[in-house]
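The values are calculated or read from the model by the stated rules, or taken from the named source; none is laboratory data. All values reported here derive from a predicted model rather than from experimental measurement. Reconstructed Cβ throughout: ideal geometry from the backbone, glycine too, with neighbour counts over all protein chains shown.
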Amino acid sequence: MMTLAIAPAAGKDLVNIPNRVDDWRELARTDEEWSDAIRFLAAQPGPIACERPALCYWAGKPYQLDFFNYGQKLRLGHDPWDLRDRLARREFSAIVVIRDRAAKGRDPRLPTDYYDLINANYRVERVLPDDIYVMVPAA
């Protein structure tokens with residue numbers, strides 16, 4: 001009797017095996033992309049601004065900038081860290097920026113003109129899952 005109850009569930013799992021194998025392959029590919037990005041960031045000689053702090057953490061880089069909270073200061077008219085000039089001078093050896101579709105239509109974490117400054121002074125080095133862009137100083 002128990003075998004009859006388990007059989008449909010086991011059959012369903014067998015049908016899903018190809019999907020699970022694809023999921024495992026995707027996880028392995030994604031894991032390699034993240035590991036490669038972490039190695040790249042770790043090799044950068046100077047400070048890195050990470051909108052995704054975990055990447056800087058795993059790369060052994062100090063935490064430089066909280067995009068959301070600093071954006072709040074900027075909106076109040078305070079720029080104690082002189083971020084605009086730092087971006088213009090390309091002071092960061094890399095910047096990790098989130099360009100998530102969910103944020104479209106809402107206020108970005110930094111004021112828009114700061115993202116414009118990033119785009120003017122940095123180029124995309126690589127794109128990671130979850131709409132994360134690793135940018136380096138433009139030539």
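I'm trying to understand the selection: among the residues of segment 126-139, which are more than 10 Å from ARG90 (Cα to Cα) and buried (at least 17 other Cβ atoms within 10 Å of the Cβ)?
If the condition is that a residue be more than 10 Å from ARG90 (Cα to Cα) and buried (at least 17 other Cβ atoms within 10 Å of the Cβ), then LEU128, ILE132, TYR133, VAL134, MET135 are the ones that fit.
Taking the residues in segment 120-139 that are outside any strand (DSSP E or B) and among the hydrophobic types (A, V, I, L, M, F, W, C) as candidates, determine which candidate is modelled with the lowest pLDDT.
Checked segment 120-139; the qualifying residue modelled with the lowest pLDDT is ALA139.
Could you look through segment 92-110, keep only residues that are in a loop (DSSP other than H, G, I, E, B) and crowded, with 17+ Cβ neighbours inside 10 Å, and pick out the one that is modelled with the lowest pLDDT?
PRO108
To keep it simple, each residue is scored yes or no on (1) surrounded by 16 or more Cβ atoms within 10 Å (Cβ to Cβ); (2) modelled with pLDDT under 90.
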| site | (1), (2) |
| --- | --- |
| GLY11 | no, yes |
| ARG20 | no, yes |
| SER35 | no, no |
| CYS50 | yes, no |
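Give me the pairs, please: first residue somewhere in segment 29-57 and more than 12 Å from VAL134 (Cα to Cα), second residue anywhere and exposed (fewer than 14 other Cβ atoms within 10 Å of the Cβ), beta-carbon distance under 6 Å, and either six or more positions apart or on two chains.
THR30/PRO129; ALA42/GLY60; PRO53/TYR63
For the structure I just gave you, tell me whether TYR63 is surrounded by fewer than 16 Cβ atoms within 10 Å (Cβ to Cβ) and hydroxyl-bearing (Ser, Thr, Tyr).
yes
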